[in-house]
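Written below as structure tokens is the structure these notes are about.
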Amino acid sequence: MGKITLEELRELRERARAELARRGADASGGDIIVGMGTCGLAAGARETMSTLVEELNRRGLSNVRVRPTGCMGLCHSEPTVEVRIPGMPAVIYGKVTPEVAQRIVEEHVLGHKLLDDHVYDRPAPDLMSPPARPGK
Amino acid sequence: MAYTQFVLVCAGTACDSCHSRAIYERLVEGVRAHGLADRVQVVRTGCFGFCAQGPVVKVLPDESFYVKVQPTDADEIVAEHLVKGRPVRRLLYSGPAPAAAVTEIPFYQKQLRIVLRNCGLIDPENVHEYIARDGYAALARVLTEMTPEDVIEELRRSGLRGRGGAGYPTWKKWSFTKVVEADVKYVICNADEGDPGAYMDRSTLEGDPHSILEAMAIAGYAVGAHQGYIYVRAEYPLAIHRLDIAIRQARELGLLGRDILGRGFDFDIDIRLGAGAFVCGEETALIASIEGKRGMPVPRPPYPAVRGLWGRPTVINNVETLANVPVIILKGGDWFASIGTETSKGTKVFALTGKVNNSGLIEVPMGITLREIIFDIGGGIQGGKRFKAVQTGGPSGGLIPEQFLDTPIDYESLAKLGSIMGSGGMIVMDEDDCIVDVNKFYLEFTVDESCGKCAPCRIGGRTMYNLLTKIAEGRGTVADIEQIQTVATAMQKASLCGLGQTAPNPVLSGLRYFGDEYRVHVKERRCPAGRCRALITYTILPDKCIGCTLCARRCPVNCISGERRKPHVIDLTRCIKCGECFQACKFGAVQRS
């Protein structure tokens with residue numbers, strides 16, 4: 001991609017925003033976001049992530065995306081995973097071992113049920129949503 | 001049929017001890033009795049960190065937050081809220097308003113994420129996700145609508161102060177650099193986070209690297225610089241990796257490099273790796289290190305704003321400071337200044353660690369109290385032990401005892417208590433921690449990290465450390481305590497840089513608030529917390545020991561002997577005082593004295 005102009009940056013923002021918003025909407029199967037900061041990785045987030053990917057593949061759930069992110073702040077309960085799928089509230093799971101990751105796919109993604117003993121509260125509201133005044 | 005409502009019952013340790021299990025069971029029972037079992041799911045959760053108000057129950061998706069719920073309240077929650085859709089008002093949390101009068105904070109949430117706004121939400125390796133959340137919109141606004149003076153004025157209104165430790169107003173730094181006439185100027189991001197227990201900057205770089213790049217470009221525009229350096233320690237490989245990716249992506253998009261966004265402004269950024277010396281967090285030492293010299297501070301003035309990197313005017317800001325900048329540009333300086341206290345605006349990120357239940361990376365408005373951080377967000381002390389002290393500011397900070405937990409924290413109030421805001425490490429200690437031992441631990445760190453250039457730090461630190469060792473080993477005298485005081489004060493006054501000036505803080509605050517504990521060490525040759533090994537002995541009380549052999553099996557040096565079902569004996573000549581037997585004994589037969 002070449003250098004962008006102001007106009008192109010604005011267009012790119014609109015497209016990227018629409019893409020982010022589509023997540024968790026009915027058009028897609030949802031997102032599973034894995035905290036992959038150093039704290040998460042040290043607690044085994046890589047295994048958690050690969051288990052999620054394998055489990056989704058095994059069950060043919062190719063429309064659910066697994067993505068990495070940084071630290072969610074809940075270092076006492078790493079690895080942490082946020083699950084956003086259509087029809088369910090977005091929740092953060094903590095202490096997601098590979099076994100818990102399998103249960104998330106089976107019970108939450110397929111069964112539309114929350115898992116006992118692993119839900120944690122989001123530490124803070126999202127300041128950027130609704131978006132701050134769109135940049136010009 | 002799919003669930004449409006979810007009732008979350010906190011099953012953390014604190015709530016669990018307040019009948020949260022009974023609440024859970026009655027909710028399940030109530031949901032079944034009302035025929036809601038196929039559309040309402042009752043779930044037990046991990047700790048919600050609001051333990052003083054527990055047990056806590058939250059209903060999704062409407063986010064009703066119930067506190068101090070009793071098992072008898074379960075039926076009402078089911079009958080009113082779940083059946084009729086009317087939240088039970090008397091149980092909704094209505095505690096004191098958050099420290100900041102900011103509408104963005106729901107009334108029960110203590111945290112506000114400005115610096116960490118994207119951390120844990122976006123994929124840090126995908127620039128599109130950053131852009132989707134207004135990334136580079138601040139840079140675009142600055143380049144199209146604002147003069148460099150406007151940018152600095154916005155920062156002045158925001159009241160943003162340096163988050164690296166000293167709390168110097170950011171706009172002043174920028175302004176001083178801007179007014180100096182020079183053909184070349186630089187922007188440096190100080191990512192040399194080095195204090196034990198602190199990882200705020202690492203997490204920000206790992207979770208949202210583009211926010212730093214954007215802020216540095218804004219700084220470059222404001223002061224007239226075209227080159228930036230991020231000085232990050234080599235021990236942060238993931239942060240470096242993600243910064244590398246981010247810089248490459250930004251260059252590809254033309255958000256770094258020549259003629260950014262077609263506005264005729266050039267700015268580029270390179271990474272410089274530090275070798276992990278604590279002193280290189282000091283700005284003049286950091287600059288020396290980038291220049292390829294040994295990382296040692298030089299006297300100021302001249303400040304880097306006037307003569308910095310390669311003798312050129314240089315703005316140098318810490319990671320967290322920079323991460324605030326794009327939001328200030330987008331939401332306005334006045335918005336930012338509405339958060340926090342009179343003298344300290346905005347939020348502060350802390351790495352909350354130590355003997356607290358919920359350790360983690362937190363961001364809170366300035367003016368929140370330590371009690372709220374430790375007991376609400378942190379969920380209180382592990383194992384129900386008693387709080388003893390919290391050390392803010394890492395090895396450069398001081399100990400704060402229980403009587404000051406309700407102080408609203410900002411730069412000034414912490415300084416008044418003999419501590420500092422520092423970069424944001426916050427280590428919580430309980431009754432099992434010995435102040436002499438803790439002081440010795442941090443001093444060992446600063447002595448080790450002293451660059452040795454100035455005598456007060458090089459000799460003073462070592463002298464203090466030796467005196468502390470003497471006290472911890474039971475050879476100390478009252479005169480030693482007095483000498484520590486003298487040396488510490490001299491170090492504070494005469495050291496060349498912040499490292500030496502602040503290194504005595506933990507010890508001085510220890511003497512100030514826990515002087516009795518020091519005196520017991522020298523007068524009674526006793527360590528009340530049982531941490532100073534030379535001052536404790538473990539013995540087995542024959543009348544309590546039932547001869548279960550557990551202690552003997554746990555002892556790593558096999559110095560406990562005795563027949564099964566007969567009292568055991570510790571061979572004190574071989575005992576290493578590890579305390580394993582003391583922890584293991586279920587009958588209170590091992591005595592520590």
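Coordinate-derived values only; no laboratory data. This structure is a prediction, so every number in the text was calculated from the model and none was measured. Cβ placement follows ideal geometry from the backbone for every residue including glycine, while neighbour counts extend to all protein chains displayed.
Across the residues of B:202-210, average count of Cβ atoms on other protein chains within 10 Å? Could you put the intermediate results ahead of the total?
Numbers: counts 5, 8, 3, 2, 9, 8, 3, 1, 0.
Mean inter-chain Cβ contacts per residue within 10 Å come to 4.
Taking the mean number of other Cβ atoms within 10 Å as a proxy for protection, how do you rank B:221-228, B:76-83 from highest to lowest?
Details: B:221-228: 22.2, B:76-83: 18.6.
Highest mean packing first, the order is B:221-228, B:76-83.
PRE reach from B:Lys68 (point 7 Å along Cα→Cβ): which of segment B:1-39 fall under 18 Å by backbone N?
B:10, B:14-20, B:23
Toward the positive end of the charge dipole of segment B:111-156, about the Cα centre and with charges on Cβ (Lys, Arg +1; Asp, Glu -1), which of B:Gln111, B:Val127, B:Met146 goes farthest?
Farthest towards the positive pole: B:Gln111.
Could you tally the net charge around B:Val187, taking each other residue with its Cβ under 13 Å from the Cβ of B:Val187, Lys/Arg +1 and Asp/Glu -1? It would help to have the intermediate numbers written out before the result.
Working: positive: B:Lys173, B:Lys178, B:Lys185, B:Arg272, B:Arg312; negative: B:Glu214, B:Asp266, B:Asp268, B:Asp270, B:Glu283.
Surrounding charge for B:Val187 is 0.
Per q in 0.25 Å⁻¹, report the Debye log10 I(q)/I(0) for segment B:537-592, using one uniform scatterer on each alpha carbon and no solvent.
One equal scatterer on each Cα of segment B:537-592 leads to -0.93.
Quote the FRET efficiency, to the nearest 0.05, computed for B:Asp266 versus B:Asp571 with a Förster distance R0 of 51 Å and r equal to the Cβ-Cβ distance. Walk me through the intermediate numbers first.
Numbers: r = 74 Å, r/R0 = 1.45.
The value I calculate is 0.10.
Which order, highest average first, do B:414-425, A:115-126 follow once you tally other Cβ atoms within 10 Å for each residue and take the mean per peptide?
Working: B:414-425: 22.6, A:115-126: 20.0.
So the order, starting with the most tightly packed, is B:414-425, A:115-126.
Over chain B, what is the relative contact order in percent, taking alpha-carbon pairs closer than 8 angstrom and at least six residues apart? Can you show the working numbers first?
On the way: 1225 pairs, mean separation 67.3, N = 593.
Answer for chain B is 11 percent.
Once all Cα-Cα distances of segment B:127-335 are split into 10 Å bins that start at 0, what whole-number percent is in each one?
Binned Cα distances yield the sequence 9, 38, 39, 13, 0.
Once Rh for segment B:250-368 is found with the Kirkwood sum over Cα pairs, what is the Stokes-Einstein diffusion coefficient at 25 °C and 0.890 mPa s, in µm²/s?
Working: Rh = 17.7 Å.
This corresponds to a translational diffusion coefficient of 139 µm²/s.
By the scheme Lys and Arg +1, Asp and Glu -1, what is the net charge of all other residues having a beta-carbon under 15 Å from that of B:Ile546?
Numbers: positive: B:Lys544, B:Arg553, B:Arg564, B:Arg565, B:Lys566, B:Lys586; negative: B:Asp543, B:Glu563.
Taking every Cβ under 15 Å from that of B:Ile546, the sum is +4.
Which far-off residues, 5 or more places away or on another chain, put their amide H under 5 Å from the one on B:Ile316, with H placed in the peptide plane?
It is B:Ile188, by chain and number.
So for segment B:463-593, taking the charge dipole from beta-carbon charges (+1 Lys/Arg, -1 Asp/Glu), which of B:Leu496, B:Cys545, B:Pro528 sits furthest toward the positive end?
Looking along the dipole axis, the top candidate is B:Cys545.
Give, as a single signed number, the net charge of other residues whose beta carbon lies under 10 Å from the beta carbon of B:Leu405, with Lys and Arg counted +1 and Asp and Glu -1.
Numbers: positive: B:Arg371; negative: B:Glu372, B:Glu402, B:Asp406.
Cβ neighbours under 10 Å give a net charge of -2.
Set the Förster radius R0 to 22 Å, insert the Cβ-Cβ distance between B:Glu402 and B:Phe441 as r into 1/(1 + (r/R0)^6), and round the FRET efficiency to 0.05.
Numbers: r = 21 Å, r/R0 = 0.94.
Calculated transfer efficiency: 0.60.
Can you pull the mean other chain C-beta count within 10 Å for peptide A:61-72?
For peptide A:61-72, the averaged partner shielding equals 5.
Return the ratio Rg/(2.2 N^0.38 Å) for the protein assembly as shown, where Rg is computed over Cα atoms only. If you can, show how the numbers build up before the last one.
Working: Rg = 27.6 Å, N = 729, 2.2 N^0.38 = 26.9 Å.
Computed over Cα atoms of the protein assembly as shown, the ratio equals 1.02.
Stretch B:Arg32-B:Arg512 to full length: gain in nm at 0.36 nm per residue minus the Cα-Cα span?
On the way: separation 480, 0.36 × 480 = 172.80 nm, distance 5.90 nm.
Stretched out fully, the B:Arg32 to B:Arg512 stretch lengthens by 166.9 nm.
Extension gain B:Ser593-B:Lys293, at 0.36 nm per residue separation less the Cα-Cα distance, in nm? Before the final figure, lay out the partial values.
On the way: separation 300, 0.36 × 300 = 108.00 nm, distance 5.16 nm.
Here the answer is 102.8 nm.
At a 10 angstrom cut-off on C-beta neighbours, averaged per residue, how do the peptides A:88-94, B:87-93 rank from highest to lowest?
On the way: A:88-94: 22.1, B:87-93: 14.7.
Taking the mean over residues of other Cβ atoms within 10 Å, the ranking is A:88-94, B:87-93.
Can you compute the charge dipole magnitude of chain B about its Cα centre, using +1 on each Lys and Arg Cβ and -1 on each Asp and Glu Cβ, nothing else charged? Give it in debye, rounded to the nearest 20. Mind dumping the intermediate values first?
On the way: 70 positive and 67 negative charges, 391 e Å.
Rounded to the nearest 20 debye, it is 1880 debye.
Just to be sure I understand: of the beta bridges DSSP finds with both ends in the protein assembly as shown, what percent are antiparallel, rounded to 5?
Working: 41 of 75 bridges.
Close to 55 percent.
Considering the Cα positions of chain A, please state its Rg to one decimal place and its Dmax as a whole number of Å.
Rg then Dmax for chain A, in Å: 16.2, 49.
Where does segment B:435-524 land on Rg/Rh, using Cα atoms and the Kirkwood Rh?
Working: Rg = 12.0 Å, Rh = 12.6 Å.
Ratio of gyration radius to Kirkwood radius: 0.95.
I'd like the per residue volume of the convex hull spanned by the Cα atoms of segment B:1-50, given in cubic angstrom. Spell out each step's value before the answer.
Working: hull volume 3.1 nm³, N = 50.
Normalising the Cα hull of segment B:1-50 by residue number yields 63 Å³.
Sorting B:Tyr66, B:Tyr513, B:Tyr303 on the 10 Å Cβ count, fewest up front, what's the list?
Fewest to most other Cβ atoms nearby, the residues stand as B:Tyr303, B:Tyr513, B:Tyr66.
Quick one: in segment B:5-91, what % of C-alpha pairs are over 22 Å apart?
Values: 518 of 3741 pairs.
Across segment B:5-91, Cα pairs with separations above 22 Å total 14 percent.
Test of understanding: ordering B:Leu139, B:Leu511 by Cβ neighbours within 10 Å, fewest first, what list do you get?
Details: B:Leu139 30, B:Leu511 23.
The order, fewest Cβ neighbours first, is B:Leu511, B:Leu139.
Once the Cα atoms of helix A:6-22 and of chain A are each reduced to a long axis, what angle between those two axes, in degrees from 0 to 90 to the nearest 10, is obtained?
30
So for B:Leu253, A:Leu127, fewest C-beta neighbours within 10 Å to most, what's the order?
On the way: B:Leu253 22, A:Leu127 19.
So the ranking, lowest neighbour count to highest, is A:Leu127, B:Leu253.
Roughly how many Å is it from the Cα centre of segment B:450-490 to that of segment B:285-306, as a whole number?
28
How many Cβ atoms of partner chains, on average, are near each residue of B:36-43 if near means within 10 Å of its Cβ?
On the way: counts 0, 0, 0, 0, 0, 4, 2, 8.
Partner-chain Cβ atoms within 10 Å, mean over residues of B:36-43: 2.
Based on DSSP, what percent of beta bridges with both residues in chain A are antiparallel, to the nearest 5? Before the final figure, lay out each step's value.
Working: 9 of 14 bridges.
Roughly 65 percent of the DSSP beta bridges within chain A come out antiparallel.
If you average 1/r over all unlike Cα pairs in chain B and invert the result, what Kirkwood radius do you get in angstrom?
Working: mean 1/r = 0.0374 Å⁻¹.
After inverting the mean inverse Cα-Cα distance, the result is 26.7 Å.
Where both partners of a DSSP beta bridge lie in segment B:5-91, what percent of those bridges are antiparallel, to the nearest 5? Display every interim value, and only then the final one.
Details: 7 of 13 bridges.
Antiparallel bridges: around 55 percent, rounded to the nearest 5.
Please check which bits of segment B:8-44 a label hung off B:Lys84 would reach, taking the label as a point 7 Å along Cα-to-C-beta and the cut-off as backbone N under 16 Å.
Output list for this probe position: B:34.
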